[in-house]
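Reading through the structure tokens given below for one structure.
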Amino acid sequence: MVFEMQKSLVPKLFTVIKDYDRGQFARDLVAGVLVGIIAIPLSIALAIASGVGPAMGLYTAAVAGFLIAFFGGSRVQIGGPTAAFVPVVYAVVQEYGIDGLMVASLMAGGLLVLMGVLRLGGMIKYIPYPVVTGFTAGIAVAIGVKQLKDFSGMAVEGLPGEFLPMCKVYWENLGRIDWVTLGLGLGSLVMILGWGKLPFKWVKFVPGSLVAILVVTIGVVLMGEHWGMNGVATIGSRFGDLKGGLPELTLPQGVDWDMVRNLIGPAVTIAVLAGVESLLSAVVADGMIGGHHRSNAELVGQGLANIGSVMFGGIPATGAIARTAANVRSGGRTPVAGIVHAITVLLIVVVLMPYAKMIPLTTLAAVLLVVAYNMGDWQAFRDLGKGPKSDGVVFVLTFGLTVVFDLVVAIEVGMVLAVLLFMKRMADVSEVKFLSLDSEEANVFGEQGGDVLHDGELRGELMRKYGEELVVYEISGPFFFGAADKFVDLTRKNGAGIGGDVKGIVIKMNAVPAMDATGMHYLETFVRVCQKQGVGVYLVGVQDQPMGAMWKRGLVGMLGEGRVCDEIGDAIGQYEKDQRAVEARDIGAGQIVMA
């Protein structure tokens, strides 16, 4: 067991490298180079959309991509900047600057490492699907709307980070659209979408985003003066000259406790996003290669990558599903492909970075519009009426809060609402019944081949023998705080099943898979009330989890020996034994009085 726990933290690279050969290296090399080329335009576009310089996106792909491949738990994961981080990073940079972003990312990285060390990788699966699809679609809309400024060339300074104020600014400045820039943006969009539809096999090895950037950039540089494109905004016009070179170690400056405290929320958001997206990507990759990732090692790798990324001039990073899928389709099967991808990006940064200043911002906006569309699960809107209404409510609410407010609020509210609705659903399926032996409904307790109440004649005999002195309850479904009130209401309605000639109560629990402290408390209280009235309580068919809880609470001992039974027949046998003991005690007491 200890070995398995330790193995869950071992990077996948250390395992697969044992059987590595030159043939696989050749395939990983090709895949890594191709994915590195794909990552270039995306990294630049995502960095600019996040409110930072283009070089930071490339450094993220290089540094974080290397660390995720080296320390992560997936064979084929490709790490780098992703669209999910754009709203969070943009908000942090606008309020706290680059130093604030570094602090939030460092805290998020530490949190991810801690989650991995504590073996919490499996906990990510407990985030409901409607919450994930809701905030993903919300992020997609937020990213897409934010690109409209650069896509249309709208002359606006200081675009707000919030959705509604941003829309208000767009509405008020519709007359300031640059139509040449918009035309180039639409042309870029057509090239990106149409490139993959060309009838050539080699097309799939060259990303349409890279083709659009090269074609539009060259066109603007060569024909700008003749076609009136001099006013088209480029990376250089916004960020100035760009210098290539290796990333340098940097540390945040001017950090104080107030900043750290205020950035705890964004740090948790970054950590959750990085964990969820990387593990989702790893699961998708597992399905493509028939493998199995190590979720805890993946979280540790993601944490180290986020720490390393911001310390070497980058931004938050996580596993990128699209780039990971491209890696698999290109033949990558080991983390070596991810390492090659990182080295490829770094070489391009060192050699070609100065030329990136010529890239029109409208083309990068077109790239991100396609990314935003592809990341959203728009089918979920069409399927709203096909699934449970509660899931639809969670999805729509999470989506709306992500767009209008921010991701932190959306995840918090979405998770709380999903949990509450789930508890209600579990409470609805939980049921408590009160039956006497002379009830025809008593047959519901029957089990094929085993339960005495399944035998009508025997049940009739028991009825004639015991009449109203023995009654039966059945609890089905989880017996937790959301359903325990049903038991309380029923027992109160029936006088706790006590009254008249009642001497014994059987509670059948075969269909109770779990019990919490509230359910235990009410059951214990019920037993105490019955014992004060001289009524015996007999539990039947208790499953493992409730039985363990009862032993720890001391309820089994309180009930008395033999009163926790496997079958109703055993409970009735114990009841008869108890009644004979009571009768013998009463006779003995009577003889003493007579004497």
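The values are calculated or read from the model by the stated rules, or taken from the named source; none is laboratory data. Given the structure is predicted, the values throughout are model-derived calculations rather than measurements. Cβ sites come from the backbone with ideal geometry, for glycine too, and all protein chains shown count toward neighbours.
Residue by residue, here is whether (1) under 30 Å from Ser309 (Cβ atoms); (2) of a type outside the set (A, V, I, L, M, F, W, C); (3) part of a helix (DSSP H, G or I) holds:
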| site | (1), (2), (3) |
| --- | --- |
| Ala104 | yes, no, yes |
| Val145 | yes, no, yes |
| Gly158 | yes, yes, no |
| Val169 | no, no, yes |
| Leu182 | no, no, yes |
| Leu193 | no, no, yes |
| Pro199 | no, yes, no |
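Residues in the range 523-576 that are in contact (Cβ under 8 Å) with a residue 24 or more places away in the chain, of a type in the set (Asp, Glu) and either out of contact with any strand residue (DSSP E or B) (no Cβ under 8 Å at 6 or more places or on another chain) or closer than 20 Å to Ala483 by Cβ (or both): Glu524 alone.
Condition first: surrounded by fewer than 20 Cβ atoms within 10 Å (Cβ to Cβ) and either in contact with a Cys (Cβ under 9 Å, 6 or more places away or on another chain) or under 18 Å from Thr398 (Cβ atoms) (or both). Can you find one or more residues in the range 142-158 that meet it? Checking the range 142-158: at least one residue is surrounded by fewer than 20 Cβ atoms within 10 Å (Cβ to Cβ) and either in contact with a Cys (Cβ under 9 Å, 6 or more places away or on another chain) or under 18 Å from Thr398 (Cβ atoms) (or both).
Number of residues in the range 273-291 that are outside any helix (DSSP H, G or I) and in contact (Cβ under 8 Å) with a residue 60 or more places away in the chain equals 1.
Could we say that Gly301 is in contact with a Leu (Cβ under 6 Å, 6 or more places away or on another chain) and under 26 Å from Met102 (Cα atoms) here? Criteria not met by Gly301.
Restricting the first member to the range 238-257 and to residues that are more than 30 Å from Thr362 (Cβ to Cβ) and in the same structural domain as Met353 (by TED's automatic domain parsing), and the second to residues that are small (Gly, Ala, Ser) and surrounded by 10 or more Cβ atoms within 10 Å (Cβ to Cβ), the beta-carbon pairs closer than 7 Å and six or more apart or on different chains are Glu248/Gly313; Thr250/Gly313. Only residues that are free of Cβ contacts under 8 Å to residues at least 60 places away in the same chain and either among the aromatic types (Phe, Trp, Tyr) or at positive phi (or both) were counted in the range 133-191, giving 4.
For Ala317, the conditions (1) within 25 Å of Met115 (Cα to Cα); (2) at pLDDT below 95; (3) of a type in the set (A, V, I, L, M); (4) in contact with a strand residue (DSSP E or B) (Cβ under 8 Å, 6 or more places away or on another chain) all hold with the exception of (2). Filtering Ala365, Ala372 for residues that are in the same structural domain as Cys167 (by TED's automatic domain parsing), touching an Asp or Glu at 6+ places or on another chain (Cβ under 6 Å), under 30 Å from Gly231 (Cα atoms) and assigned to a helix (DSSP H, G or I) leaves a single hit, Ala365.
When each of Lys168, Lys197 is tested for being assigned by TED's automatic domain parsing to the domain that holds Gly138, charged (D, E, K, R), more than 28 Å from Val403 (Cβ to Cβ) and surrounded by fewer than 18 Cβ atoms within 10 Å (Cβ to Cβ), the lone residue that passes is Lys197. Of the residues Tyr90, Tyr96, the single one that is in a helix (DSSP H, G or I) and either under 22 Å from Met353 (Cα atoms) or touching a Ser or Thr at 6+ places or on another chain (Cβ under 8 Å) (or both) is Tyr90. Ala342 fulfils the conditions (1) assigned to a helix (DSSP H, G or I); (2) under 26 Å from the mean Cα position of the chain (by Cα); (3) buried (at least 21 other Cβ atoms within 10 Å of the Cβ); (4) not basic (Lys, Arg) except for a single criterion, (2). Thr217 meets the conditions (1) touching a helix residue (DSSP H, G or I) at 6+ places or on another chain (Cβ under 6 Å); (2) surrounded by fewer than 15 Cβ atoms within 10 Å (Cβ to Cβ); (3) polar (S, T, N, Q) in every case but one. The failed one is (2).
Considering the range 1-72, the qualifying helices (runs of 4 or more DSSP H), each wholly inside and each with 2 or more residues that are in contact with a strand residue (DSSP E or B) (Cβ under 8 Å, 6 or more places away or on another chain) and buried (at least 16 other Cβ atoms within 10 Å of the Cβ), run over 22-49, 54-71.
Taking the range 59-89 as the range and being of a type in the set (Ser, Thr, Tyr) and within 27 Å of Val403 (Cβ to Cβ) as the test, the residues that pass are Thr60, Thr82.
Any idea how many residues of the range 499-522 are hydrophobic (A, V, I, L, M, F, W, C), touching a helix residue (DSSP H, G or I) at 6+ places or on another chain (Cβ under 7 Å) and at pLDDT below 90? Residues meeting the conditions: 2.
Candidates Ile270, Ile315: the one that is in contact with a Phe, Trp or Tyr (Cβ under 8 Å, 6 or more places away or on another chain) and assigned to a helix (DSSP H, G or I) is Ile270.
Taking the condition modelled with pLDDT of 80 or more and closer than 20 Å to Ile507 by Cβ, does Tyr466 pass? Judged against the criteria, Tyr466 is not a match.
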